[in-house]
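Just below is one structure, and these are the notes that go with it.
The values are calculated or read from the model by the stated rules, or taken from the named source; none is laboratory data. Predicted model, so just to flag it, every value in this text is computed and none were measured. Neighbour counts are summed over all protein chains in view; Cβ atoms, including those assigned to glycine, are modelled from backbone coordinates with ideal geometry.
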Amino acid sequence: MSEVLLRVQELTQQFKGVLAVDHINMDLETGKIYGLIGTNGAGKSTVINMISGNLFPTEGQILYEDKPITHVPAAQRARAGIARTFQNLRLFEDQTVLDNVITASQITRTYTLFEMLTYMPRYRREEKEFAARSLQALQTMGIEQYASYQADSLAYAFQRRLEIARCLAIRPKLLLLDEPAAGMNPQESLQLVEDIRKIHQVHPEMTILLIEHDMKVVMNLCEYIYVMASGRMIAEGTPRQIYESEEVISVYLGGSAHRIGKQTAGE
Ligand SMILES: Nc1ncnc2c1ncn2[C@@H]1O[C@H](COP(=O)(O)OP(=O)(O)OP(=O)(O)O)[C@@H](O)[C@H]1O
Ligand SMILES: [Mg+2]
């Protein structure tokens, strides 16, 4: 039987004058790929911000491995295995590709400053492990050949992959991807689908929550889909159920089911 890794209960975010997320519920089971879709401004990124701890909810709670984490800081959640990418790239542009990933992985370090300065065994052991994991993460994302390049010299689609590699290096249990294919052309988006599939194969125990505008990507990849509109969760189900949902078709797709197969990134 599958276990629920993350449970979101009545989660709400009220910004000044905007009810961005309105009492939503989600159950994410271990090892599954979930999609979160919805129109612009529906509240999707706000949901991810609350799950990652970059933003605290105004109401509701978040349970991770059956424990409440609603007000736990983001860094502590990352150490507990919740990793995320941002809708807009956030890389260390002047670092190498490999250093970008190593820096991200160091959030899980247990060595002290003293151990680092005195080059103690625990420091050396962990740093070796971080370097190995980071290289493996680059391999999973197919960009290991660029390890020594400066991050901002990579093509845009590879920078997007690098951001995901940074997440993989902390060996997350929950991977939150906020529009990883944003700004990619259709071919690059399809390649990214294959990369995410590969992540799922290499790490079958990892749970993935993907925000994505490209319906082809979501329908191809996700086992279960949540649909938001104006802060509310208007539907959830398998790709087939979502494809056939009258409410989704009328609210999200503007009344044309036909568009499901045609929508592309950025629409
Ligand atoms: N920090 C903030 N302060 C005030 N309002 C905000 C803030 N962040 C988001 N909002 C508002 O909350 C609503 C939800 O925004 P959010 O970014 O979560 O939507 P989204 O579904 O991710 O949209 P998109 O598809 O455009 O990325 C929007 O009306 C947005 O303007
Ligand atoms: Mg967003």
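Listing for the model above:
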item	result
Residues of region 13-40 that turn out to be at positive phi, modelled with pLDDT of 95 or more and either within 15 Å of ligand 1 (Cβ to nearest atom) or surrounded by fewer than 16 Cβ atoms within 10 Å (Cβ to Cβ) (or both), as a count	1
Residue pairs meeting the criteria (Cβ under 7 Å; at least 6 apart or on separate chains; first not assigned by TED's automatic domain parsing to the domain that holds GLY142, in region 170-192; second outside any loop (DSSP other than H, G, I, E, B) and aromatic (Phe, Trp, Tyr))	GLY183/TYR156
Residue tally, condition in a loop (DSSP other than H, G, I, E, B) and of a type in the set (A, V, I, L, M), over region 148-173	4
Sole exception among (1) polar (S, T, N, Q); (2) assigned to a loop (DSSP other than H, G, I, E, B); (3) at pLDDT 95 or above; (4) loosely packed, with under 15 Cβ neighbours inside 10 Å for GLN145, by number	(2)
Within region 51-80, tally of residues that are within 16 Å of ligand 1 (Cβ to nearest atom), in a helix (DSSP H, G or I) and free of Cβ contacts under 8 Å to residues at least 40 places away in the same chain	1
In region 11-37, the residues that are of a type in the set (S, T, N, Q) and either within 16 Å of ligand 2 (Cβ to nearest atom) or not assigned by TED's automatic domain parsing to the domain that holds ILE51 (or both)	GLN13
Residues within region 194-235 that are in a loop (DSSP other than H, G, I, E, B) and either over 14 Å from the mean Cα position of the chain (by Cα) or not acidic (Asp, Glu) (or both), tallied	10
Flag if SER45 is surrounded by fewer than 15 Cβ atoms within 10 Å (Cβ to Cβ) and either within 16 Å of ligand 2 (Cβ to nearest atom) or closer than 18 Å to ILE208 by Cβ (or both)	no
